[in-house]
Amino acid sequence: MSAETEVRTGGCTCGAVRYRVEGAMRPVIACHCGQCRKTLTNYSAFSAARRGDLQIENAEGVTWFESSPGVRRGFCRRCGGALFWDRTGNDFISVAAGSVDQPSGLRQVRHIYVEDKADFYELSDGLETFPQDHGDDQWPEDGD
Ligand SMILES: [Zn+2]
Ligand SMILES: [Zn+2]
């Protein structure tokens, strides 16, 4: 009856920062906003973990950049690998989906901020799209 606790690990490109998540992770949301475009070469794909489920090893290896008031993006200070997106007050922290060790077992479910996307690619995977935010700050299992 008891579900086995999901455990995932991940980290940056160079391996200086590693993390471990014990608990469910949110489905992946692709964000096409201007900040993600500039920071992450094109668009971002973020899952999320409840704060208490995330353990960051070598947390001092993470540099935090305040990208908006109350929002900070965490990346490896050595290799620049994107790792976290963290809004003050959320009980979860967004985790760069590409940084999760494979196989992640995660699924991408939607695209947000598509009105801000770059002009050199199209979305054709059939997933739902939203011009701006939708559920970015929510944990779907909590209900909309
Ligand atoms: Zn690194
Ligand atoms: Zn974004």
Karplus-derived HN-Hα couplings along segment 102-108 (A = 6.51, B = -1.76, C = 1.60, θ = phi - 60°), whole Hz, x at Gly and Pro: 8, x, 7, x, 8, 10, 7
So between D91 and Y121, what do we pick up on full extension, going 0.36 nm a residue minus the alpha carbon distance? 7.4 nm
Whats the longest run of the chain with zero chymotrypsin sites (Phe, Trp or Tyr not before Pro) that are DSSP loop and have at most 15 other Cβ atoms within 10 Å? 1-119
At a 1.4 Å probe, what is the % contribution of carbon and sulfur to the accessible area of the chain? 47
Determine the gain in length on full extension of the stretch E66-T41; use 0.36 nm per residue of separation and subtract their C-alpha separation, reporting nm with one decimal. 7.2 nm
q = 0.11, 0.13, 0.15, 0.23 Å⁻¹, segment 7-130: log10 I(q)/I(0) [Debye, one scatterer per Cα]: -0.35, -0.50, -0.67, -1.49
Got a number for the accessible area of E22? Probe 1.4 Å, square angstrom, nearest 10. 80
Å² per residue, accessible surface of the chain at 1.4 Å: 56
By accessible area of protein heavy atoms, probe 1.4 Å, what ranking do R110, R18 get, highest first? R18, R110
Pull out the extension gain between T5 and S104, defined as 0.36 nm times the separation in residues minus the alpha carbon to alpha carbon distance; nm, one decimal. 34.2 nm
Need one value: the accessible area of I112 in square angstrom, 1.4 angstrom probe, rounded to the nearest 10. 0
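The values are calculated or read from the model by the stated rules, or taken from the named source; none is laboratory data. Note that this is a predicted model, so its numbers are computed, not measured. We place every Cβ from the backbone using ideal geometry, glycine too, and count neighbours over all the protein chains shown. Note: accessible area is taken over every heavy atom of the protein model, side chains too, but ligands, DNA and RNA are not part of it. Shrake-Rupley method; radii C 1.70, N 1.55, O 1.52, S 1.80 Å.
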